[in-house]
């Protein structure tokens, strides 16, 4: 990948995950990575594969994910955004493109990722939010969800909040922020951290939902955390409510264009 | 329709208009009215047709539209919401159902309707808003749009802002409120009035877009209004950005359940 005359381009990508089997390429499934690779190959006339920052699950959305690829194409870096968007389906849109140092990769860079999980909480679903929010008619107590959320902030072993299918060596992670807010009938759980385990955000939300509807008292979340056992926590909340909304790098990005800092937050 | 033992039920309906040829029934097109009639017939086992309040155009969305129908079915009025939602596609949802007086019809009742038109104004489209907002990369001057909007508030002859295909006898209407706001890259035009002409909101927005991108000065809107000529105003803005967000009755609704007042605003 460090071939003669190549340079590395970093894309900022937003997508509606509804129709996709997640980010990661699958030979027989429609994925975000697969669509971007297809658009790149059509543009370059050669096989190019991107490497993504966050491998979002099937059905999860993103306002700000990153992908890098190496190419000999000489077009101005920012023009890749226009050229790829002409070739991508309308539920995937490159937001920015810029050149980065050849060795640079978003996954090697310390970062804070922020996810938002939206819950429509009223008697009947909102048809205008059916693709981007989870619906429940069970009346949720936001104050109790906020109380429960406080136990999860900081560095903890999140084994109870991780799919048993994880391949992670350590299940210790740092949640830098976790808030639960309400605006009219939409409850938004916003969670930030330096890294998340497989399904961690959705299991946290699934557990907060159990607290919100009164099945668990808020302090139960502390016990679940200490149990280090996936069987103790709530179900994995549905993917459609989840969006990766911000991805902020904590280090200077070498030779990176301003774009990488301008979209998050 | 005033048959023995019948009563009148009023539904509050929300829908994503993307897949539909508008509200009004068409024998060969998919419409909101057609879907609700289909669900009602499946429920009642007989032909029942609803009569709607606002006949929204193809592609236009609603958070709060009304429809009434007469039936001999004896189920508690509020249960019609559950029963119909089980039979409707997920992009149409009854929000409330209640019994009203037999002669009552939402179109015969003085009301204030409010529409919101959302515009995504940035370099590239937001894939998560592609169904519910119009996109333009032309940088819009919100202050100029606000200046132009002021000329349209009040009672005026809106002939310049009405499709030539109108069947209205008079083109005089009252706009009770018209605001243009911005939050991050989303500009929202919010317009309220006692009644609107065919395509009036979308032509107003199309004209404000011409002002926003600098093609017309704000005061041009006053001249357009005075010209009473559709050829003077801007293009009809695309349907996808438009949502009927509130529908408020100005008179007491006889025997109507509280629902009719609780959803708007």
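Quick note: the coordinates plus some simple rules give every number you see, no bench work behind them. Since this is a predicted model, take the numbers as computed values, not measurements. Here Cβ is always computed from backbone atoms with ideal geometry, including for glycine, and neighbour counts include all displayed protein chains.
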Query raised in the report: Given C-alpha coordinates of segment B:131-265, what is the ratio Rg to Rh with the Kirkwood estimate of Rh?
Result: 0.99
Requested in this report: Take the rotation relating chain A to chain B, measure from its axis to every Cβ in chain A, and name the nearest residue with the distance in whole Å.
Outcome: A:131, 4
Query raised in the report: For chain B, what number results from the quotient of the Cα radius of gyration and 2.2 N^0.38 Å?
Result: 1.06
Query raised in the report: Say a label goes 7 Å from Cα toward Cβ at residue A:155 in every copy; what distances in nm does this one have to the rest, shortest first?
Result: 7.2
Requested in this report: Report, in whole Å, the centroid distance computed from the Cα atoms of segment A:1-65 and segment B:190-215.
Outcome: 39
Query raised in the report: Over the Cα atoms of segment B:1-105, what Rg and Dmax result, in angstrom?
Result: 12.8, 39
Query raised in the report: Rounded, prolate or oblate: which one fits segment B:184-228, using the alpha carbon gyration tensor with axes a ≥ b ≥ c (rounded when a/c is under 1.5, else prolate when a/b beats b/c, else oblate)?
Result: oblate
Query - Beta bridges per DSSP with both ends in segment B:66-187, % antiparallel, nearest 5 - result: 75
Report summary line: Neighbour-count ranking for A:105, A:165, A:156 (other C-beta within 10 angstrom, fewest to most) reads A:165, A:105, A:156
Query raised in the report: Got the residue B:139 label distances to the other copies yet, label 7 Å along Cα→Cβ, in nm, shortest first?
Result: 5.0
Query - Inter-site label distance for residue A:184 and residue A:157 at 7 Å from Cα along Cβ, in nm - result: 4.5
Requested in this report: Work out Dmax and Rg for segment A:35-154 from the C-alpha atoms and quote the Rg first, both in angstrom.
Outcome: 19.3, 56
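As an exercise, take the mean of 1/r over every pair of distinct alpha carbons in segment B:156-201, invert it, and state the Kirkwood radius in angstroms.
The Cα-based Kirkwood calculation yields 11.8 Å.
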Report summary line: Per segment A:97-205, sqrt(5λ) over the Cα gyration tensor eigenvalues, sorted largest first, in Å, gives 29, 19, 13
Report task. Of the DSSP beta bridges with both residues in the protein assembly as shown, give the percent that are antiparallel, rounding to the nearest 5. Result -> 90
Query - Rg/Rh for the protein assembly as shown, where both radii come from Cα atoms and Rh is the Kirkwood radius - result: 1.01
Report summary line: Copies of residue B:176 compared via label points 7 Å along Cα→Cβ give distances in nm, shortest first, of 4.7
Query raised in the report: Is it possible to state the helix-based mean residue ellipticity at 222 nm for chain B, with each DSSP H run of 4+ residues giving -39500 (n - 2.57), the sum divided by total residues, to the nearest 500 deg cm²/dmol? What is it?
Result: -5500 deg cm²/dmol
Report task. Rounded to whole Å and sorted largest first, list the principal axis extents of the Cα atoms in segment A:55-125. Result -> 55, 32, 18
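Just want to confirm a number: the relative contact order over chain A, from Cα pairs under 8 angstrom separated by 6+ residues, in percent. Could the numbers behind the result be given before it?
On the way: 597 pairs, mean separation 61.2, N = 265.
In percent, rounded to a whole number, it is 23.
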Query raised in the report: What residues from segment B:94-119 fall in the zone where the backbone N is under 19 Å from a label point 7 Å along the Cα-to-C-beta line of residue A:123?
Result: B:94-101, B:106
